[in-house]
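Participant: One structure follows; several queries about it will come next.
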Amino acid sequence: FSSGLTAMEKKLAEYKCNTNEAIQLKLVRFPEDLEDDNTTFNPEYSHQVFGDDEVAFGYKGLKILLYYIAGNLSTFFRIEYTSKVNEKFDCVEADDVESKIREIIPPGFCTNTDDFVSLLEKEVNFKPFGMLLHTYSIHNEEAGEDITYQIYKADMTCPGFREYHERLQTFLMWFIETASFIDVDDERWNYFLVFEKYNKDGATLFATVGYMTVYNYYVYPDKTRPRVSQMLILPPFQGEGHGAQLLETVHRYYMSSPTVLDITAEDPSENYVKLRDFVLVKLCQDLLCFSPVKLMQGFSQEMVTEAQQKLKINKQHTRRVYEILRLRATNMGDAEQSRSYRLDIKRRLIGPYKKKQRELAKMRRCLRPEEMTNQLNQIDLNMQREQLEESFQQLVSDYRRVLERLAQA
């Protein structure tokens, strides 16, 4: 009996597919992209759709094809597999992969390639939505030429944008760990989109590169505080500097508005923080309050005020900018300068620890005799020193990377 079970288990195990590998995404510009494996990319995540183990059960050789036309993102969806379990014979049912995907992609997709290719021919009519904010170009080694990109600000009143956004946001599920779809009927959302210009048969077409959503929080009495919610540069375009261009453009857009207080972000990822550090330092480095002399005098209210008024940067982010620029101005080979820098950062890092200490001490006074408290505090302090040193080293190496990128910019 038991060996029979393992044979069955073995058989069923062969019918498990990793959904991150099974899902094949494409952004299609030319009909030949459909056959070209080089244009395929896979999700980083699929747990929101297929559960924490990111597995689809019941298929061998499962392929979930999700192809998008590069500009307007018209979608082609098909499922392929070499074999599938059968309830009659195997007494188990295969996962309903199709309905799981249908839950996140909007209706109206193609299911055969001919329809998709004929839509591709109409792509020449697709134009970006909204208002052009910024144009930039990046040299492409492979193509041996400069490629032009444009950033637009759009909203739901742009004809066709609502439907386009529904298709665009499906990418969040595959590339942002905690993604969720937003309520597009709330008018306080702003959308910023990046497009690449490319040529096809002598015409100029536009391809979707990425986007950012920003929510405008109301601040009493007459201000707003835009908060970056989601930001995604599609994988074929990652690592080319588009994120920095987008974030800087968004900052500049809000900087020109007198009603904006400052810009924040919701639950930022590590990568986003690195990106923001780079962009904010780049914006701030020429402010008078960040001159080397002033940096050496320590963090000041002047920095907070100037960064907020001129660049819409909040206090917490201004503090990081100060630390990064002060590192640049500090000769870490000089014992006195480096000690002063270290102390300055650690004083900030220790804030939360001290608060925790006070709370712990309060609790212990109620619970235990004095001498025990002292012993425990001693242990805590040693641990705290190690953790502080570790946090400090980590920060400095992050800051150095920002400064390296800045030197190349």
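The values are calculated or read from the model by the stated rules, or taken from the named source; none is laboratory data. Fair warning: this is a prediction, and the values are worked out from it, not measured in the lab. FYI the Cβ positions are ideal-geometry reconstructions off the backbone, even for glycines, and counts take in every protein chain you see. We work out accessible area using only protein heavy atoms, side chains counted, and drop any ligands, DNA or RNA first. Shrake-Rupley method; radii C 1.70, N 1.55, O 1.52, S 1.80 Å.
Participant: Students often check this: by mean Cβ neighbours within 10 Å, which of 59-71, 202-214, 125-137 ranks highest, and how do the rest follow?
Facilitator: Values: 59-71: 21.1, 202-214: 19.3, 125-137: 15.2.
Highest to lowest by the protection proxy: 59-71, 202-214, 125-137.
Participant: Follow-up. Give me a comma-separated list of calculated 3J(HN,Hα) values for the stretch 96-113, in order, Karplus coefficients 6.51, -1.76, 1.60 applied at θ = phi - 60°, integers in Hz, x for any Gly or Pro.
Facilitator: 7, 4, 4, 6, 5, 6, 4, 5, 9, 9, x, x, x, 8, 7, 10, 10, 5
Participant: Something else about it: Run lengths n ≥ 4 of DSSP H only: what is the helix-derived mean residue ellipticity at 222 nm for the chain, with -39500 (n - 2.57) per run over all residues, to the nearest 500?
Facilitator: -14500 deg cm²/dmol
Participant: Let me ask something else about it. What percentage of the solvent-accessible surface of the chain, computed with a 1.4 Å probe over protein heavy atoms, is contributed by carbon and sulfur atoms?
Facilitator: Carbon-and-sulfur percentage of accessible area, whole number: 49.
Participant: To continue, here is another question. Connecting C-alpha atoms closer than 10 Å in a GNM of the chain, tell me which of GLN301, GLN230, GLN285 has the biggest fluctuation.
Facilitator: GLN301
Participant: For VAL55, enumerate residues with amide H under 5 Å from its amide H, sequence gap 5+ or separate chain, H modeled in the peptide plane.
Facilitator: Sorted by chain and number, the residues that satisfy this are THR19.
Participant: Taking only C-alpha pairs under 8 Å that are 6+ residues apart, what is the relative contact order of the stretch 8-123 in percent?
Facilitator: 26 percent
Participant: Quick one: putting +1 on the C-beta of Lys and Arg, -1 on the C-beta of Asp and Glu, what dipole do you get for the stretch 201-353 around its Cα centre, in Debye to the nearest 20?
Facilitator: 560 debye
Participant: Normalised by the residues of the chain, what does the relative contact order come to in percent, with Cα pairs under 8 Å and at least six apart? Numbers along the way, then the final one.
Facilitator: On the way: 557 pairs, mean separation 37.5, N = 409.
Reported relative contact order: 9 percent.
Participant: For the chain, with only Lys/Arg (+1) and Asp/Glu (-1) charged at the beta-carbon, what is the dipole magnitude about the Cα centre, in debye rounded to 20? Numbers along the way, then the final one.
Facilitator: Working: 52 positive and 62 negative charges, 491 e Å.
Taking the Cα centre of the chain as origin, the dipole is about 2360 debye.
Participant: Rolling a 1.4 Å sphere over the protein heavy atoms, what is the accessible area per residue of the chain, to the nearest Å²? All intermediate terms of the calculation are to be shown ahead of the outcome.
Facilitator: Values: 22130 Å² over 409 residues.
I get 54 Å² per residue for the chain.
Participant: In percent, how large is the relative contact order of the stretch 127-267, given Cα pairs closer than 8 Å and 6 or more residues apart?
Facilitator: On the way: 224 pairs, mean separation 27.4, N = 141.
With pairs under 8 Å counted, the relative contact order is 19 percent.
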